[in-house]
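Here it is: the structure, laid out below.
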Amino acid sequence: MGQITFTVEGNKTFYSCGCKNEVIGENYMITPCSLDCEVYLYSIEQSNRQGNILSYQLTDKGAQK
């Protein structure tokens, strides 16, 4: 993959790969473009290294309400 760029809008960051993250209070949330994306893997690695509690939420993007 080429160089990943990003833009910041308020407390949200949008990456050129398709990932996005957001900080709400003390919570850091990332929506990965894929589970093997280097942005996502780096975020998980750093959170784990810092001793943060990690939790995951799985969603079905194809689900209709």
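Restricting to the stretch 1-23, count the residues that are under 14 Å from the mean Cα position of the chain (by Cα) and part of a strand (DSSP E or B).
11
Just one of 34, 43, 55 is part of a helix (DSSP H, G or I), of a type outside the set (Phe, Trp, Tyr) and under 14 Å from the mean Cα position of the chain (by Cα); which is it?
Of 34, 43, 55, the one residue that is part of a helix (DSSP H, G or I), of a type outside the set (Phe, Trp, Tyr) and under 14 Å from the mean Cα position of the chain (by Cα) is 43.
Look at the stretch 1-49 and say how many of its residues are surrounded by fewer than 10 Cβ atoms within 10 Å (Cβ to Cβ) and among the aliphatic types (A, V, I, L, M).
Total meeting the criteria: 4.
Rule-based calculations on the coordinates, nothing more; no lab input. Everything quoted here is computed from the prediction, not taken from an experiment. We place every Cβ from the backbone using ideal geometry, glycine too, and count neighbours over all the protein chains shown.
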